[in-house]
Structure formats: C-alpha cells, structure tokens
C-alpha cells in the first residue's frame, strides 16, 4: 500500500499539472518494462492507469483471463497461481462429472435388468396362454404390469440423473466463465501490487519466463488430470483417493511402540507416579472434607462472607444467588466436589508457578528454556494431555487433577514473570540504595508492584483449571463436567443447560471474587 | 509521644497495654516475644472483636479441626460402623449355620460347605469387632491430639496476636476506614459465626447418624425436574419458531464446509500436497514449506490423511467465519465507545466459560454433526480476534491519523490505508490465537459428532489407547503448527515489506 503511494508521489513531484504524463512515463516505464519482461507497452499503460487513479479502476487483462493460472505461473506469481488453479478446478469438476461422470450409470443398469425380467415374464406368459392355464395367465399379467411400472420409474430416474448431468455441466460452465472473468479483472491489480513489492525487494521473481510456463503447464495438466480422473472415473484407483499407505504399515507399529514405551515408563517409574497420585489425593481429601462433608450452611456462610470481605456487597449477593441456585437444583455436592478438584489443581499451580515465575524473571537462561515448553503446553489441546496422564496415572480424580495442573500452569508462570520483569529499575535501585537485601527487594518492592499481574495470572490459572476439570470428567474425575458430558451423550438439553449454568456460576463466582480482591488490593 | 495517642485511639480498650507492646515490636527489627493473654484465651472472639477478619477465619477453621478430633474422641461413636458391620456379618453367619444344620440333618453334602462359609463369616465378624475395638481404643489418642492441637493453636494465637494487630495498626494509619478498637457489632458478628459453624460442624462429624438435612441440602429433585423440563420445552419451541434462521445458518456453514472439503478431502492427495507446499512457500518461506510437507507426510504415512484434511476443513471454515465476522466487529468496537462497553462483558463471559458448556445450546438448536461442531468452535474462537482488532485499531497513533486527515484522506481511506496496516500486528496475533483456539475446540466438538482428528483422540480416550491417542494428538499439534507458521510467516513478510 505505502509503496503504491510512494510510486504516485515519485511520479507526481517533478510533474507540472499539464505535463503529468511525460515525466512519469520517463521515470517508471523503464522499471516497469524490466519487471514485466515481455509485452511492456501494455503493462506500462495499465499500471500507470492503476497508479494514477485514487479509487478503483477497472482494467481487464485478456491474456490472464484466457490463460488463468498459466499466466500467473508465467509471471512467477506462484501463490496466486495455486489459488487460481484451485478455483478453476472447483468449476471444472462439475463439468467433468456431467460429461464423463456417467451419472445415470447405476440407474441404467437397473433398467436393463428390469427389461430382461420383463422379457422372461413375457415368455412365461405366452407359454401359459398356449397351455390355456387362465389362472396363471392372470397372475402373470398382474406381475408384468407391476414390472412395467417399475421400469417406467427407473427410466424416469435415468432421465433425472441425465438431467442432473446437464445441470452440472451448465453450473460448471457458468462457474468457469465467472472464474475466468474474475481472473481477467484482478490480474493487473495483483500484478501491479507485485511490481510495487518488487521495486522494494529485487530478489522477487519477475519477468516472463518460458521455463515457468512449462512448469505451470506440467503442473496444471497433472493436477487437473488427476483431479478429473478422481471425480469422474466410476471407480477411481485407491492410490488417488487416499494416501496409499496402509494403516497397518506404519500407524499400528508406531502406536504399539508408544504403548510399549508408556508401559515401560509406568513400570519403571510406577513408584513416582503413585507418590504423586498419593500427594494429590491427600490434598484433595482435605479439601473435599472442607467443602463437601462440612455441613452446607457452614460452607455457604463462609463463602458468602469471604465474597463480601474480599470483593464487596454486590459480588457477595451474586455469590449467594449462585449458591442458592446450586443448592436448589441439587448440584450442591457435585459443585463442591468440582471446587475441591479445582482448588487442588489451582493450589498446586500457584504454589509451584509463582516461584518458577520469579526464578524465570531473575534468570534469562532459565526463561529461554521454559518459554518454549510453556508455548507447547498452551498450544496443545487440553484433551491431548489426558492421554499420557491416563497412561501414567490411570483414571479417576488424581489424574484429572494432574491434567488440570498441566493445563493451568502456563498463565501463572508467564504473568508472574512478566509482572516482575516490568517493575521499574529505578524503584529497585532506590530500594537498593536504602540498603535493602535481595530478599527484601523481592518481598517488599517487586512482589507488591507486580501484584496486579500476578493476580491476573492467578485468575487465569483458576479459570483454565476449571475448564480442564470439566474436561477431566472424561477420565473419571466426577463433578459438574460429568453432568454436562452425560447430557451431551443423551442430548438432554434441559439437564445440560442446568449443569452448564452451574459451571458458569462456579466460574463467575470465583472470577468475581478474585478480581474484586485484586481490584481492592490496587 | 506522637504514636501513643494514635495507638490509644486505634486499640480503644486496654490501650496502654497495646502502646507498650507495639512500641516494643516497632523498635526491634526482628521478631519479638510478646504474648497476648487476652487473645490466647478468647481466640477467634478476640480476633473478631478487634476486626482482624482474616486472622479470625484461619483461626476458626483450624480450631474446628482440633475440636472435631476432640469431639470424636469424647463422645463420637468411633467403632459404630464397624460394630454394625460385625453384627450384620454375624446375622448372616447364623442364617447360614441354620441352613447348614438343616442340610446336614437331611444328609445333604452341601451342608458342610455352608457350615464352612458360616465359619468364615464369623471370623470376618470377629475381625470387624477387633477393628472396632481398635478404633474405640484410639479414642484417647484422638482426645490427646485434639487437646494438643487446640492448646497449641491458642498458644500460637497468643504469640502472633500482637504482631498481627500491629500490622493492622500500620494499615489503619494509612487508611482510617479500617476498623479500629473493639466494637460490639464485630464481637457479636464473630460470636454469631462461631455459634453457627461450631455446633453444626461438630454435630456433623461426631454424630453416628447425622441428620440428613445437614449432610445434604434438604431439597428433592422437584425443582430440578420442573426446570429441566421447562428448559427442554423452551428449547423445542424456540428451535421450532426459529427453524428458518437455524436452517439458514446451517446451510451457509455447510456450504463453506462443503467447498473446503471438496478442495481438501475430495481432491487427490498429490494435488493437495503440492498446492499446500507452494502456498506455504509463497506465503511464508521455504522453511515453512518444508515443515508443512513434513507434517503432511506424517499425516499420510500414519493414516491420518483424510481425518487431517477434514480437520483442516473444519478449522478453516470456523476460523474463516470468525475472521469475517470478528474483524469488522473489532473495527466497530474500536470506533464506537458504546458498542465496546456493551460488547466487552459478552467477550469476557465467552472467555470465562469452559468451552464444553457451549455445546449444549448448540445441540439444542442445531443438533449434532459437523455444522454444530463448527458453530461451537466459532463461539470459542471469536473473542481473541475481536478483542485484538479493537485493541490494535485503538492503539494507532492519533498523530498518524491526523496527518492522513490533513492529506485529505476519506474515512474509508484512513481505515484501509492507515489504521488497518498499522494495526496489522495486533490483528494477526488475534487471527493466530483464533486459529489455535479453533483447533483446540475441534477436539471438544468431536464430542457432538464433528469428525476429524478430534474424534480419533476422543475414541482413543474411551479405549485408553495411548499410542493411537498420542499419534492423533501429535497430528492435531502439527495441524496447529502448520496453520500458525503459515500465518506468522505471512505476517513477518508483511513486516519486512512495509
């Protein structure tokens, strides 16, 4: 865009109002000629028209319209070449299907079979008539009538299929013409843009080359041919339809190999995994006693007052409403179980994530190692984590928590690190000048200043853990997610919506309380 | 001199004591041994009266844990469930023995085996009784533990009280809104809380058969059933009433999907592979193109070709629709303050909710299959692109826009020629995030019948087929990386170009 502007400026600066054309032509025509290679006069004219106009200018390139992708290829615009070829193919496929697709083939077969049975029936009928068996004649006549009816229907189908063929051909031709027209209409615009880029970066391919033409011809014939074959042949070769590699060849051995490695690892490090499971289970059991076994009026009061103290009356009233919803609709136990799961996962994330984030902020080397791991953890869909987790930890609640920890870990590390790194150097220096130790600086200067960022990380971690806990219901971590899952399986909308709302309320209550807390801290 | 008065005002009751203790604490840099007998004796009541609520909560919960142990030891029926188990086993054994006697009397040989099992049951009952006795014998330990915990806590409170209260004082000096002194309201509130929490919890944990109203919320399923069926009806009616709209949306999405599937799935693989190679090469660079080809070969050789292409088609359709709707939306939000204030909470909510939950209304209105899966994916993938487009355009330097104005650019020209190019990095980040979210969602959408690699993962999870699941998971990761690298490569080239 800016290049085009620069082009126009270069053209117009030296020009006096009435002789705009002459200097501009002098200035750019050489470079345009060099760029386009052959047919320079045409492109000189068209590019100038495009460049001078401030709005949209229509400029139709007949060669591009006729040759389509070949033109783009010849002009070494390979990205555009691919897109044009794709669109042409989209239009050509229905034409091919209409022409050679043998669309009525199956129906035609049926008609022929029916004709044969009609003939046979006719023979029997004649024989019966000759024998004078009136009863048989009657039933045979009836059968024959029925058969004739089916023949008519089948023939109608053949006609319909043939008619569809004509429709396909017509639609394809119209589509093809539209594509061609579009190609002609946009060609010069695209080519002019390319020219502007080329002027900045001379390494871009330019000019007209016969090798490129040959390459694109080969490519177009090959791809059009294979595609047409795929769509029009009655039984295209399996080579073309799917990648010609049998599942058994690589997939199964690799899968088996991975299974074996997992088995080995869980045999060798079984103790470790069991230990982790046990640690998680202990924390989880404590939290479950606190949330699930403690009488509900007590839990409700504590949550209500916590919300009030941390986030103010509005949030407290909202919290109370949400809790009443959970209680009245019978989700109390399951939602508290979910909160216990979530609490365990989030506690592990926060307790390990904040120190790691602090360490990352202090050591560039460590961060360089940790960052790609965090990126990887975040770009992997949460479901995929569940697989190694099942392999090592089995099914149930502790594995669900492990998966949630993996999923919820990145934000807290990232945001703690970010918060500490963005603490102003001057403040730290001032603290140092007052004789603060490293530990004091971290505790009393950096952490309070980084608090908004850290709290945002805590909030995100909690929400991530919540969505992971919901997903973990797939591997047997019970709770609200399980209700949604069951509702999904039976398409029970009412139950699903109620359970979904319960999850929504849990998420919102936690989110509001944490946000209210850090707003107050600020 | 100066602080004494302030401390007096802050502490209210027994001000002199606190003046002395606070100045001791303030004068030394390290911890000071200062024991508050009032706090140690009154515990949570002291904390409540003094308005140190965080202290109150921690204390109350820890004390409850200690009291529960104490209560269980003192009057809890510790071995009760084991004794009940033993009784049940004994009754069963007697019954079996009677049967055995009868059978033996009748001369049936099965009598002997029956007698044996009766003996076994009796042994089990004895074992249960032994367990019960052990549990009962454990009562003194629990009592001692509870006592130690309780008094240890109180001692800790006495020790920490003045330090904590001094911190509260420091905060109060900055912010006089913080409660000071002992107020009746605070004490009463704390007492009320203790009175609600302690007896109920103690009763719940120490009674043999606690009342059901305490263990679970005493509300049956009547509200649940009524609400669920009402919602079901409402969905059915809405789906009926809005059939045209829903069908139209479905048809539109289906059309996009069909076109992409025709290109990606229907077209023979050599053609698709070459196209993708060339596109990656032209849009990004040779390295990305080689990476793309390697990923495609992975799909091919491990038998994921068709599913991977279906996934690309699903994600492509979803991401395309997200961008087509999201970018204009973001521009609108950037231009109109009102729209942004209205739209922001919705975006926040969309990002707060676990993606799982979107599936329910989607199935209610659109049924199951690929199109509903795409719609759920669109909802999940939309927020980042909207947010980051708005952010990018709002972040464009005002001077640049003014300069464009001064050159006589129209509003549209400013938008397309100035704002969008300058906001491109932010918009591209949004697109990138949207693509990744869509891919993550494709797995979840597989739960409602969107096919593709997600389905492979879900099936692998169901059968705990680790190897297959991991291979499919890697395939998803490669899909994400291919799309991400191509989009980023494009963006980097644009950066170099401008």
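The values are calculated or read from the model by the stated rules, or taken from the named source; none is laboratory data. Keep in mind the model is a prediction, meaning the values are calculated, not measured. Because the Cβ atoms are built from the backbone with ideal geometry, glycine has one as well, and the counts that use them run over all protein chains shown.
What the table shows:
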quantity: Which numbered condition residue B:54 fails, given (1) within 13 Å of chain A (Cβ to nearest Cβ); (2) touching a helix residue (DSSP H, G or I) at 6+ places or on another chain (Cβ under 6 Å); (3) surrounded by fewer than 20 Cβ atoms within 10 Å (Cβ to Cβ); calculated: (2)
quantity: Some residue of the range B:34-42 being under 30 Å from residue B:210 (Cα atoms), in a helix (DSSP H, G or I) and more than 32 Å from the chain's Cα centre (by Cα); calculated: yes
quantity: Condition check for residue A:136: at pLDDT 85 or above, more than 14 Å from chain B (Cβ to nearest Cβ) and more than 30 Å from residue A:219 (Cβ to Cβ); calculated: no
quantity: Options B:475, B:390; residue that is touching a residue at least 40 places away in the same chain (Cβ under 8 Å), within 24 Å of residue B:312 (Cβ to Cβ) and in a helix (DSSP H, G or I); calculated: B:475
quantity: Odd one out for residue B:310 among (1) surrounded by 23 or more Cβ atoms within 10 Å (Cβ to Cβ); (2) more than 29 Å from the chain's Cα centre (by Cα); (3) within 11 Å of another protein chain (Cβ to nearest Cβ); calculated: (3)
quantity: Those residues of the range B:226-242 which are without any contact (Cβ under 8 Å) to a residue 60 or more places away in the chain, facing another protein chain (nearest Cβ under 7 Å) and surrounded by 14 or more Cβ atoms within 10 Å (Cβ to Cβ), in sequence order; calculated: B:227, B:228, B:231, B:232
quantity: The range A:205-230 residues that are within 13 Å of chain B (Cβ to nearest Cβ) and closer than 22 Å to residue A:42 by Cβ, paired with ones that are at pLDDT below 85 and loosely packed, with under 15 Cβ neighbours inside 10 Å (beta carbon under 9 Å, 6 or more apart); calculated: A:212/A:205
quantity: Residue within the range A:259-271 that is within 30 Å of the chain's Cα centre (by Cα), within 22 Å of residue A:393 (Cβ to Cβ) and either modelled with pLDDT under 90 or surrounded by fewer than 15 Cβ atoms within 10 Å (Cβ to Cβ) (or both) present; calculated: yes
quantity: Residues of the range B:203-218 that turn out to be surrounded by 14 or more Cβ atoms within 10 Å (Cβ to Cβ) and either more than 8 Å from every other protein chain (Cβ to nearest Cβ) or free of Cβ contacts under 8 Å to residues at least 24 places away in the same chain (or both), as a count; calculated: 9
quantity: Positions within the range A:331-358 being part of a helix (DSSP H, G or I) and farther than 21 Å from residue A:407 by Cβ, in sequence order; calculated: A:332, A:333, A:336, A:358
quantity: Candidates A:481, A:494, filtered to the one that is farther than 22 Å from residue B:440 by Cβ and within 7 Å of another protein chain (Cβ to nearest Cβ); calculated: A:494
quantity: Among the candidates A:322, A:391, residue that is surrounded by fewer than 24 Cβ atoms within 10 Å (Cβ to Cβ), modelled with pLDDT of 90 or more and either within 15 Å of residue A:466 (Cα to Cα) or touching a helix residue (DSSP H, G or I) at 6+ places or on another chain (Cβ under 6 Å) (or both); calculated: A:322
quantity: Among residues of the range B:9-31, those that are assigned to a loop (DSSP other than H, G, I, E, B) and without any contact (Cβ under 8 Å) to a residue 40 or more places away in the chain, counted; calculated: 4
quantity: Every residue from the range A:22-55 that is part of a loop (DSSP other than H, G, I, E, B) and either in contact with a helix residue (DSSP H, G or I) (Cβ under 6 Å, 6 or more places away or on another chain) or modelled with pLDDT of 80 or more (or both); calculated: A:37, A:38, A:39
quantity: Some residue of the range B:173-187 being more than 30 Å from residue A:334 (Cα to Cα), modelled with pLDDT of 85 or more and within 13 Å of chain A (Cβ to nearest Cβ); calculated: yes
quantity: Inter-residue pairs, beta-carbon under 7 Å, first closer than 17 Å to residue B:195 by Cα and in the range B:33-61, second not in a helix (DSSP H, G or I), 6+ apart; calculated: B:49/B:182; B:59/B:43
quantity: Filter result for the condition that a residue is within 11 Å of another protein chain (Cβ to nearest Cβ), part of a helix (DSSP H, G or I) and modelled with pLDDT of 85 or more, over B:480, B:440, B:424; calculated: B:424
quantity: Tally of residues being touching a residue at least 60 places away in the same chain (Cβ under 8 Å) and at the interface with chain B (Cβ under 10 Å from one of its Cβ atoms) across the range A:40-72; calculated: 0
quantity: Meets criteria (within 12 Å of another protein chain (Cβ to nearest Cβ) and surrounded by fewer than 21 Cβ atoms within 10 Å (Cβ to Cβ)) for residue B:265; calculated: yes
quantity: Any hit, the range A:445-465, residues being at the interface with another protein chain (Cβ under 8 Å from one of its Cβ atoms), closer than 17 Å to residue B:348 by Cβ, in contact (Cβ under 8 Å) with a residue 24 or more places away in the chain and in contact with a helix residue (DSSP H, G or I) (Cβ under 8 Å, 6 or more places away or on another chain); calculated: yes
quantity: Residue in the range A:105-113 that is touching a residue at least 60 places away in the same chain (Cβ under 8 Å) and within 14 Å of chain B (Cβ to nearest Cβ) present; calculated: no
quantity: Search result, residues across the range B:350-368 that are more than 20 Å from residue A:474 (Cα to Cα) and outside any helix (DSSP H, G or I); calculated: B:367
quantity: Condition met for residue A:217 (part of a helix (DSSP H, G or I) and either touching a strand residue (DSSP E or B) at 6+ places or on another chain (Cβ under 9 Å) or at pLDDT below 85 (or both)); calculated: no
quantity: Residue among B:465, B:487, B:450 that is at pLDDT below 85, out of contact with any helix residue (DSSP H, G or I) (no Cβ under 6 Å at 6 or more places or on another chain) and surrounded by 18 or more Cβ atoms within 10 Å (Cβ to Cβ); calculated: B:465
